[in-house]
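Novice: Handing you a structure now.
The values are calculated or read from the model by the stated rules, or taken from the named source; none is laboratory data. Small disclaimer: the values here were computed from a predicted structure and weren't measured. Note that we place each Cβ from the backbone using ideal geometry, even for glycine, and neighbour counts take in every protein chain shown.
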Amino acid sequence: MQQIETMCHIQTCNTIIVGSGAAGYSAAERLWQLGQHDILLLTEGKNAGTSRNTGSDKQTYYKLTLSGDGQDSYTEMAQTLFQGGSIDGDQALAEAVGSVPCFIHLAELGVPFPTNRWGEYVGYKTDHDPRDRATSAGPLTSRMMTEALERSVNQLGVPILDHHLLLQILTEQNQVQGVICLDMDLEKLVLIRCRNLILATGGPACLYADSVYPASQHGANGIAFACGAHGQNLTEWQYGIASLHPRWNVSGTYMQVLPRFFSTEQDGSDPREFLQEAFPCYEDMLNQIFLKGYQWPFDSRKALDGSSRLDLLVYQERSLRGRRVFLDYRQNPENREIVWDLLSPEASAYLRKAGALQDTPFARLSHMNQPAVDFYRSRGVNLAAEPLEIALCAQHNNGGIAVNSWWHTQVEGLFAIGEAAGTHGVYRPGGTALNAGQVGALRCARYIAANRKGDPDDLSSSNQDHLHIWKEWIAALRSRPENAQNIAAHLRRSMSDGAGAFRSLSRMEELHEQVQSLLSHFPDPIGAGSGKTGLIQALRLRDQLLTMEVYLTAMMDYAKHCQHSRGSALYQTVDGYLPHISSAVIPELFRFLPDDGSLNHQIQETIYSPEGSTTNWRPVRPIPDRSSDFFENIWRGYRENQNISDE
Ligand SMILES: Cc1cc2nc3c(=O)[nH]c(=O)nc-3n(C[C@H](O)[C@H](O)[C@H](O)COP(=O)(O)OP(=O)(O)OC[C@H]3O[C@@H](n4cnc5c(N)ncnc54)[C@H](O)[C@@H]3O)c2cc1C
């Protein structure tokens, strides 16, 4: 049996930032600029994660209107965010206010957000956006942000510890004391003491098999829950149609050019245009495909008679009928000529205006958005010659770790920012995820620099024991042949089938039982074998189990608490309605009751416990009233502590 060596207490610092995505780099940069240099950025992979490895046909950043004569205001933008439902008003206001400095900072770091000749950042309307607040630097906005912030962090000289996997957050009396991680190169355990820990570990991509998160993203929310951080709005996700190889959202023009949808058996036999059976009227089907372009995430409000029926039919083919589903740009749906005048006025006017009336979806796509074609070609897919395999995929977790308006969790000294934090509600305008990551980074850095300087406390004796527990666990994992990868994949498949966009209480309960059993016996019966990859997979599996335990608890509670479906998920309900599609048999899994908005002012919190997680519902915090703000008083407060406090 291979014994793992440990290095103990190798380092002590004021603040550790975990994660090298757009949020993590931003926090490191801000802390350094605020004079807090006793910091360390730790990551399992400098080039891993969502920000650096993902995008879409026009990846969006959401900010206050910064062009024209639109009468936008911080309060109005905060209200837009707040109206998404189940959102705290103080966070909505902080994200609205912070959007301006954070966005301008990125632009000044060199992210090429376009301006007009007067320097105005002209915007466009994104989903759930009443104004034109969205902007984009192109398909790879988040990558450009990450690279710009990384350059800045490197110039400042922030120390970075690469290839270190966070395993546990050490706390004593609900205060952070440090972390245990695995040096992935040397296969050694490392303990680092710290006073503050900023988790910028991204979304819990480890949960789903059908996923458009990059393969390098896993997340670490389970590790945060295990140390006492609460989850909030964990039920709220965005699922949408995406290609599997490469993982990429097929939103916007990819749908507006009206590709053909078809499915096959696993071996490629029996190709069938399955949308036909649901939409007997050809033009109705085309209109729904067109709408999917800018109604990309699956939305329960559009599932009865709107464009989200497409997501549902894709899911039915893959998950219920066991077939493979493809988009085909080589020919029109049903290989028919399209009579443009018979399409909805919206679709025909748009395509005419864009001059996109060519004979095939490929020709239309090349005309409207050549970079969208080039992207796939750069990944080895020629859309002119081959179909593209798709699925209904998890894309973003609106909920996550619960934080206050300084992005501080319930655990003193533990902050969560970026997608790890659960600051979004049921709906969010596109682009708010990237903004929230930057604002959270700025605000927690300000809070730490103002209130939480200094060295960490000495490590408690119980925390010293944890290192030995991990040593024993690793020895046990090593003693069994590798099986972690299969267990993790099986659990992810079950999540996609029963706890993704379509949630059935009985399937979630069954899965939850399996997860609880694996967690309570961990590390039995999991095996890592003797290789490095096996060990890393087995250790990641523990976070996956913790994450699943807490997320499934939240989803099961929602299903019991509320009969109505909302956001990007349908909860099967016997008293509900079936979507309006013309299939002979519509699965009962799709029977649901639409949202009645009754929970819009409530937030579901989930609290991990080894005996079983629990949930509670609390009212949202309102948007703060600043009408009594008076300059002299604000100035005094600012001189005293820069108005950075928990009140
Ligand atoms: C296809 C797609 C399109 C999107 N489009 C948009 C859009 O248009 N607009 C928008 O606002 N948002 C969009 N999003 C969401 C947005 O990109 C992400 O929410 C955001 O990039 C997350 O950034 P982050 O810094 O929080 O995390 P990430 O960029 O995911 O970084 C996480 C970091 O933490 C590290 N890490 C994780 N776990 C551990 C561990 N245990 N130990 C050590 N390190 C760890 C990872 O290696 C990585 O470095 C999109 C997402 C996808 C998947």
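Novice: Just give me the residues in region 234-283 being closer than 30 Å to Gln410 by Cα and in contact with a helix residue (DSSP H, G or I) (Cβ under 8 Å, 6 or more places away or on another chain), in sequence order. Outline the logic, then answer.
Specialist: Kept after step one, since they are closer than 30 Å to Gln410 by Cα, are these residues of region 234-283: 234-239.
Answer for region 234-283, where residues must be closer than 30 Å to Gln410 by Cα and in contact with a helix residue (DSSP H, G or I) (Cβ under 8 Å, 6 or more places away or on another chain): Leu234, Thr235, Tyr239.
Novice: Right, here's the next one. If you go through region 212-247, how many residues are near the ligand (Cβ under 8 Å from one of its atoms) and either in contact with a strand residue (DSSP E or B) (Cβ under 6 Å, 6 or more places away or on another chain) or not small (Gly, Ala, Ser) (or both)? Don't jump to the end; show me each part of the working.
Specialist: To start, the set of residues in region 212-247 that are near the ligand (Cβ under 8 Å from one of its atoms) comprises 212-214, 216-220, 223, 242, 247.
Applying the additional criterion that residues be either in contact with a strand residue (DSSP E or B) (Cβ under 6 Å, 6 or more places away or on another chain) or not small (Gly, Ala, Ser) (or both) yields 212-214, 217-218, 220, 223, 242, 247.
So the count comes out to 9.
Novice: Just give me the residues in region 15-27 being more than 6 Å from the ligand (Cβ to nearest atom) and more than 13 Å from Phe415 (Cα to Cα), in sequence order.
Specialist: Within region 15-27, the first condition is being more than 6 Å from the ligand (Cβ to nearest atom), and the residues that meet it are 15-17, 25-27.
Correct list: Tyr25, Ser26.
Novice: Continuing with this model, one more query. Does Ser628 fit the bill of being hydroxyl-bearing (Ser, Thr, Tyr) and exposed (fewer than 11 other Cβ atoms within 10 Å of the Cβ)? First the steps, then the outcome.
Specialist: Values: hydroxyl-bearing (Ser, Thr, Tyr): yes; exposed (fewer than 11 other Cβ atoms within 10 Å of the Cβ): yes.
It is true that Ser628 is hydroxyl-bearing (Ser, Thr, Tyr) and exposed (fewer than 11 other Cβ atoms within 10 Å of the Cβ).
Novice: Please specify each residue of region 432-457 satisfying the condition of being within 9 Å of the ligand (Cβ to nearest atom) and either more than 16 Å from Thr141 (Cα to Cα) or modelled with pLDDT under 95 (or both). Spell out how you get there, then give the answer.
Specialist: Quick first cut of region 432-457, residues within 9 Å of the ligand (Cβ to nearest atom) only: 432-437, 440-441.
Once the filter is applied, which keeps residues that are within 9 Å of the ligand (Cβ to nearest atom) and either more than 16 Å from Thr141 (Cα to Cα) or modelled with pLDDT under 95 (or both), region 432-457 yields Gly440, Ala441.
Novice: If you check Arg639 against the conditions, is it modelled with pLDDT of 95 or more, farther than 30 Å from Phe522 by Cβ and more than 29 Å from the chain's Cα centre (by Cα)? Even if it seems obvious, please write down each step before you answer.
Specialist: Values: modelled with pLDDT of 95 or more: no; farther than 30 Å from Phe522 by Cβ: yes; more than 29 Å from the chain's Cα centre (by Cα): yes.
The answer is no for Arg639.
Novice: Quick check on Tyr254: is it over 30 Å from His601 (Cα atoms), in the same structural domain as Pro345 (by TED's automatic domain parsing) and either more than 15 Å from the ligand (Cβ to nearest atom) or among the aromatic types (Phe, Trp, Tyr) (or both)? Break it down stepwise before answering.
Specialist: Values: over 30 Å from His601 (Cα atoms): yes; in the same structural domain as Pro345 (by TED's automatic domain parsing): yes; either more than 15 Å from the ligand (Cβ to nearest atom) or among the aromatic types (Phe, Trp, Tyr) (or both): yes.
The answer is yes for Tyr254.
Novice: Read through the list (1) crowded, with 24+ Cβ neighbours inside 10 Å; (2) within 17 Å of the chain's Cα centre (by Cα), then give the number of the only condition that Val257 fails.
Specialist: Tallying (1) crowded, with 24+ Cβ neighbours inside 10 Å; (2) within 17 Å of the chain's Cα centre (by Cα), Val257 fails exactly one: (2).
Novice: Among the residues of region 126-152, which ones are part of a loop (DSSP other than H, G, I, E, B), within 17 Å of the chain's Cα centre (by Cα) and at pLDDT 90 or above?
Specialist: Leu140
Novice: If you don't mind, there's one more thing I want to ask. Which of the residues that make up region 28-56 are surrounded by fewer than 24 Cβ atoms within 10 Å (Cβ to Cβ), of a type in the set (A, V, I, L, M) and more than 6 Å from the ligand (Cβ to nearest atom)?
Specialist: Leu34, Ile39, Leu40
Novice: Something else: Are there any helices (runs of 4 or more DSSP H) wholly within region 422-538 with 2 or more residues that are free of Cβ contacts under 8 Å to residues at least 12 places away in the same chain and of a type in the set (Gly, Ala, Ser), and if so which? Let's see the steps before the verdict.
Specialist: Numbers: elements: 432-451, 461-478, 484-498, 505-521.
Ranges flagged: 505-521.
Novice: Could you run through region 58-69 and say how many residues are more than 6 Å from the ligand (Cβ to nearest atom) and surrounded by fewer than 24 Cβ atoms within 10 Å (Cβ to Cβ)?
Specialist: Step one: list which residues in region 58-69 are more than 6 Å from the ligand (Cβ to nearest atom), which gives 58, 61-69.
Adding the requirement that they be surrounded by fewer than 24 Cβ atoms within 10 Å (Cβ to Cβ) leaves 58, 64-69.
Residues flagged as more than 6 Å from the ligand (Cβ to nearest atom) and surrounded by fewer than 24 Cβ atoms within 10 Å (Cβ to Cβ) within region 58-69 amount to 7.
Novice: Here is a further query. What helices (runs of 4 or more DSSP H), lying completely within region 213-324, carry at least 1 residues that are under 25 Å from Met548 (Cα atoms) and in contact (Cβ under 8 Å) with a residue 12 or more places away in the chain? Outline the logic, then answer.
Specialist: Values: elements: 221-226, 253-256, 275-278, 282-292, 309-315.
The helices (runs of 4 or more DSSP H) meeting that bar are 221-226, 309-315.
Novice: Checking Thr115 against (1) more than 15 Å from the ligand (Cβ to nearest atom); (2) of a type in the set (S, T, N, Q); (3) under 21 Å from Leu42 (Cβ atoms), only one condition comes out false. Which one?
Specialist: Single failed check for Thr115: (3).
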